[in-house]
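Enquirer: Please see the structure below; I have some questions.
The values are calculated or read from the model by the stated rules, or taken from the named source; none is laboratory data. What you see is a predicted model, and the numbers here were worked out from it, not measured in a lab. Using ideal geometry, Cβ is built from the backbone for each residue, glycine included, and neighbour counts are taken over all protein chains shown.
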Amino acid sequence: MEQKPYEKVLKLLLIVVITLLFFFPIYWIVTMAFKPFPEWTAAGGKIYWFPNHPTIDNFRAIFSQKLEMSPISGTAIRPIFNSLVVSVIGTCIAMVVGVFAAYGISRYKAGGSLPFMLLQLRMFPPIAIIIPIMIMWAFLHMTDTWYGLSLIYGVVTLPFSVWLMKTFFDDIPRELDEAAIVDGCSNIGAFFKVVMPLAKGGIASSALFVFILNWSDFLIALILTDRKWTTIPVHISKLQSALVGALYGPKAALGLIALIPPVFFGILIQKYLVRGLTFGAIKK
Amino acid sequence: MDAARFGFLMILPALIMLLFIVIFPLLASIYLSLSKWSPLTGGGTRWFQAYQFWGWLSNYWNIIRDPDFLMALLRTFIIVIVVVPVEFFIGLVLAFLFRESFPGKKIFHSILLMPMMVVPAVAGFIFYMLFQGQGPVNEALSKLFFHEVSVLWLQGNISAMIAIMIADIWQWSPFMFLILLSGIMSLPEDQINAALILGASGWQRLRMVILPLMKPVIVISLIFRGMEAVKIFDSIWLMTSGGPGTATESISVYMYKHGFKYLKWSWVAAGGVIVLIIITLISMQALKPIKEREEQSA
């Protein structure tokens with residue numbers, strides 16, 4: 001396509017402006033995390049566009065035993081640990097159950113409209129059924145536990161793991177496992193020895209994708225955890241102080257920590273993100 | 001093992017999970033919604049004794065006349081029909097700009113994808129900071145217009161809604177960009193070139209060739225964004241908690257407040273059943289394109 005030079009420059013300019021606009025909020029939280037108290041507090045009425053005296057005080061504050069400016073006791077170490085534990089276990093549950101189900105659906109057309117029931121499940125606002133789940137969790141003594149939260153994460157992200165893995169399995173020629181079965185392999189044998197090794201990459205990227213979703217949850221953790229198993233987003237929302245109000249600096253520091261895994265993994269698996277987020281509408 | 005049985009065994013764990021997590025809560029929701037039970041009136045956790053506070057359809061009858069509930073539904077609807085098209089438009093423009101190569105394309109691409117990876121609660125907190133009375137948004141607007149701007153964004157009914165929508169557009173336009181770009185990139189090059197040879201202008205190529213070819217991708221992206229936007233909670237909760245008053249309550253925020261601040265559980269259960277019915281009706285229509293695609297490929 002022939003383009004005049006000024007057109008090219010204009011387009012590039014547009015891209016730069018849009019990118020800067022979209023980058024600014026991220027820039028703001030990163031710099032906020034490194035600003036000392038007088039620069040992040042809103043009371044001064046002066047805006048610091050970049051940290052004049054960069055410091056790691058905010059990080060120190062969230063990891064110290066008791067925040068000086070806040071009534072909240074306890075450090076952010078526990079919520080970070082909690083977020084990791086429940087996200088990883090939730091991901092394992094969704095992936096193990098999802099991989100089997102996806103294979104059954106892809107190869108044996110099992111389950112009838114199960115895939116669509118899963119999509120439907122994804123559309124329901126969790127808040128609409130969270131009260132009975134809370135009741136059920138209290139009854140089973142699963143409120144504020146790692147297994148209670150992991151289990152619900154596994155269910156909530158199951159639609160994604162099933163649909164993602166289904167598209168991966170659909171891509172693997174079915175002649176391969178059929179040949180293995182003809183050669184005397186059992187159904188399960190064909191699945192583990194022939195298909196699984198080929199789907200390794202797909203499983204890894206689906207797992208990262210599901211992990212990001214679990215890591216990002218706020219509402220479910222807010223309702224189903226109390227003290228011991230609060231996750232990072234819930235901890236951020238609770239970093240308040242009676243004296244200073246919202247603790248921007250420490251919140252930003254913890255927020256920054258929370259951003260690292262999803263942003264890193266997300267950019268790593270962006271090709272698979274497309275497939276996951278469209279339930280496989282776009283192949284490869 | 002015969003094939004049918006093996007297939008069934010493979011999906012069995014998923015089925016059990018679904019039954020466990022969907023069927024019971026659904027039945028419990030319906031049961032609770034028909035009573036007037038709440039943890040305050042009904043004694044702690046003895047929800048199963050809700051029959052002692054039986055109220056038939058009174059919750060339903062009252063909630064559909066509750067202006068706050070209706071406004072929350074309407075507001076959620078407004079948010080969806082504003083943000084989804086705007087996100088689509090921004091995503092489409094970006095996708096077209098990224099069709100050609102230019103210096104630093106990879107870096108720009110990665111930066112533009114970042115917002116959608118940001119934890120939504122953190123995004124809510126970021127925009128809470130940005131929209132403060134003395135925050136950077138007002139400061140930037142002041143510099144832009146050479147005039148002191150000091151809007152109390154999150155304290156005004158309409159400005160708070162605008163702030164929430166901007167936060168959502170920031171976070172999810174990159175999603176549209178990602179999907180639409182991969183849609184454009186997978187188009188058959190020769191059809192576009194054929195249109196070019198036939199003398200089609202840029203706009204004609206877009207309208208007559210590119211967009212029709214991209215239709216499946218566009219439909220999916222709109223459905224997906226729409227169904228996620230309906231659930232909007234995190235950013236609103238972190239930015240305004242539904243305030244000022246109830247001016248920015250989405251349906252999720254409304255239900256959270258009534259369930260966990262006012263402990264009106266049977267009320268919320270009734271609201272939940274109504275929302276589930278509405279969403280089911282919408283989704284049966286919305287999921288049709290995906291269903292058709294599956295049936296074609298099967």
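Enquirer: Restricting segment A:31-55 to residues that are more than 10 Å from chain B (Cβ to nearest Cβ) and part of a helix (DSSP H, G or I), which is surrounded by the most Cβ atoms within 10 Å (Cβ to Cβ)?
Expert: Top of the filtered list is A:Ala33.
Enquirer: Scanning for something in contact with a Gly (Cβ under 8 Å, 6 or more places away or on another chain), more than 7 Å from chain A (Cβ to nearest Cβ) and in a helix (DSSP H, G or I), does segment B:111-130 turn up at least one residue?
Expert: The answer is yes, given that some residue of segment B:111-130 is in contact with a Gly (Cβ under 8 Å, 6 or more places away or on another chain), more than 7 Å from chain A (Cβ to nearest Cβ) and in a helix (DSSP H, G or I).
Enquirer: Any chance you could count how many residues in segment B:55-77 are of a type in the set (Phe, Trp, Tyr), within 22 Å of B:Thr248 (Cβ to Cβ) and free of Cβ contacts under 8 Å to residues at least 40 places away in the same chain?
Expert: Count: 1.
Enquirer: Taking only segment B:139-163 into account, find how many residues are in contact with a Phe, Trp or Tyr (Cβ under 8 Å, 6 or more places away or on another chain) and either within 19 Å of A:Trp28 (Cα to Cα) or not in a helix (DSSP H, G or I) (or both).
Expert: 3
Rundown of residues vs (1) in contact with a strand residue (DSSP E or B) (Cβ under 6 Å, 6 or more places away or on another chain); (2) surrounded by fewer than 21 Cβ atoms within 10 Å (Cβ to Cβ); (3) in contact (Cβ under 8 Å) with a residue 24 or more places away in the chain; (4) closer than 23 Å to A:Gly266 by Cβ, yes/no style:
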site: B:Pro120; (1), (2), (3), (4): no, no, yes, yes
site: B:Leu130; (1), (2), (3), (4): no, no, no, yes
site: B:Phe145; (1), (2), (3), (4): no, yes, no, no
site: B:Met185; (1), (2), (3), (4): no, yes, yes, yes
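Enquirer: So how many residues does segment B:281-297 have that are among the polar types (S, T, N, Q) and either buried (at least 22 other Cβ atoms within 10 Å of the Cβ) or within 7 Å of chain A (Cβ to nearest Cβ) (or both)?
Expert: 1
Enquirer: Against the conditions (1) under 26 Å from the mean Cα position of the chain (by Cα); (2) part of a loop (DSSP other than H, G, I, E, B), where does A:Gly148 fall short? Just the number, please.
Expert: Checking A:Gly148 against (1) under 26 Å from the mean Cα position of the chain (by Cα); (2) part of a loop (DSSP other than H, G, I, E, B), the one that fails is (2).
Rundown of residues vs (1) closer than 19 Å to B:Phe224 by Cβ; (2) crowded, with 23+ Cβ neighbours inside 10 Å, yes/no style:
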position: A:Ile133; (1), (2): no, yes
position: A:Leu158; (1), (2): yes, yes
position: A:Met165; (1), (2): yes, yes
position: A:Asp183; (1), (2): no, no
position: A:Val194; (1), (2): no, no
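Enquirer: If you don't mind, there's one more thing I want to ask. Which pairs do you get when a residue that is at positive phi and among the charged types (D, E, K, R), found in segment A:141-154, comes within reach of a residue that is surrounded by 19 or more Cβ atoms within 10 Å (Cβ to Cβ) and modelled with pLDDT under 90, reach meaning Cβ atoms under 7 angstrom, with the pair 6+ apart or on two chains?
Expert: Close Cβ pairs (under 7 Å, with a partner that is surrounded by 19 or more Cβ atoms within 10 Å (Cβ to Cβ) and modelled with pLDDT under 90) amount to A:Asp144/A:Thr225; A:Asp144/A:Trp229.
Here is a yes/no grid of residues against (1) at the interface with chain B (Cβ under 10 Å from one of its Cβ atoms); (2) more than 25 Å from B:Met117 (Cβ to Cβ):
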| site | (1), (2) |
| --- | --- |
| A:Leu158 | yes, no |
| A:Ser161 | yes, no |
| A:Pro173 | no, yes |
| A:Gly184 | no, yes |
| A:Leu198 | no, yes |
| A:Ile203 | no, no |
| A:Phe209 | no, no |
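Enquirer: Give the number of residues within segment A:123-138 that are in a helix (DSSP H, G or I) and within 7 Å of chain B (Cβ to nearest Cβ).
Expert: Residues in segment A:123-138 being in a helix (DSSP H, G or I) and within 7 Å of chain B (Cβ to nearest Cβ): 10 in total.
Enquirer: In this structure, is B:Ile162 more than 7 Å from chain A (Cβ to nearest Cβ), touching a residue at least 24 places away in the same chain (Cβ under 8 Å) and touching a helix residue (DSSP H, G or I) at 6+ places or on another chain (Cβ under 8 Å)?
Expert: It is false that B:Ile162 is more than 7 Å from chain A (Cβ to nearest Cβ), touching a residue at least 24 places away in the same chain (Cβ under 8 Å) and touching a helix residue (DSSP H, G or I) at 6+ places or on another chain (Cβ under 8 Å).
Enquirer: Next question. Just checking, how many residues over segment A:7-23 are more than 8 Å from every other protein chain (Cβ to nearest Cβ) and either of a type outside the set (A, V, I, L, M, F, W, C) or surrounded by 16 or more Cβ atoms within 10 Å (Cβ to Cβ) (or both)?
Expert: Counting residues in segment A:7-23 that are more than 8 Å from every other protein chain (Cβ to nearest Cβ) and either of a type outside the set (A, V, I, L, M, F, W, C) or surrounded by 16 or more Cβ atoms within 10 Å (Cβ to Cβ) (or both) gives 1.
Enquirer: Give the residue, chosen from A:Gly255, A:Gly249, that is within 18 Å of the chain's Cα centre (by Cα), surrounded by 21 or more Cβ atoms within 10 Å (Cβ to Cβ) and part of a helix (DSSP H, G or I).
Expert: Step by step, each of A:Gly255, A:Gly249 is checked, and only A:Gly255 is within 18 Å of the chain's Cα centre (by Cα), surrounded by 21 or more Cβ atoms within 10 Å (Cβ to Cβ) and part of a helix (DSSP H, G or I).
Enquirer: With respect to A:Asn82, determine if the residue is within 22 Å of the chain's Cα centre (by Cα), at pLDDT 80 or above and away from every other protein chain (no Cβ under 13 Å).
Expert: So A:Asn82 passes the test.
Enquirer: If you take the residues of segment A:100-122 that are among the hydroxyl-bearing types (Ser, Thr, Tyr) and crowded, with 21+ Cβ neighbours inside 10 Å, which of them is nearest to the other protein chains (Cβ to nearest Cβ)?
Expert: A:Tyr103
Enquirer: Could you check, for segment B:231-254, whether at least one of its residues is touching a Pro at 6+ places or on another chain (Cβ under 8 Å), part of a helix (DSSP H, G or I), within 10 Å of chain A (Cβ to nearest Cβ) and among the hydrophobic types (A, V, I, L, M, F, W, C)?
Expert: Yes; the residues of segment B:231-254 include at least one that is touching a Pro at 6+ places or on another chain (Cβ under 8 Å), part of a helix (DSSP H, G or I), within 10 Å of chain A (Cβ to nearest Cβ) and among the hydrophobic types (A, V, I, L, M, F, W, C).
Enquirer: In addition: Do any residues in segment B:213-240 that are farther than 20 Å from B:Phe125 by Cα have Cβ atoms under 9 Å from those of residues that are among the basic types (Lys, Arg), where the two are at least six apart or on different chains, and which pairs are they?
Expert: Correct list of pairs: B:Pro216/B:Arg293; B:Ile220/B:Arg293; B:Met227/A:Arg122.
Enquirer: What's the number of the only condition in (1) more than 10 Å from chain A (Cβ to nearest Cβ); (2) loosely packed, with under 14 Cβ neighbours inside 10 Å; (3) not in a helix (DSSP H, G or I) that B:Pro103 fails to meet?
Expert: Condition (1) is where B:Pro103 drops out.
Enquirer: Which residues, counting only those in segment A:97-134, are farther than 18 Å from B:Leu287 by Cα and free of Cβ contacts under 8 Å to residues at least 40 places away in the same chain?
Expert: A:Phe100, A:Gly104, A:Tyr108, A:Lys109, A:Ala110, A:Ala128, A:Ile129, A:Ile131, A:Pro132, listed by residue number.
Enquirer: Run down B:Arg75, B:Arg46 and say which single residue is surrounded by 15 or more Cβ atoms within 10 Å (Cβ to Cβ) and either of a type outside the set (A, V, I, L, M) or modelled with pLDDT of 80 or more (or both).
Expert: None of the others qualify; the one that does is B:Arg75.
Enquirer: Say we look at segment A:146-156 and pick out the residues that are more than 9 Å from chain B (Cβ to nearest Cβ) and surrounded by 18 or more Cβ atoms within 10 Å (Cβ to Cβ); which of these is farthest from A:Arg78 (Cα to Cα)?
Expert: Checking each candidate, the answer is A:Tyr153.
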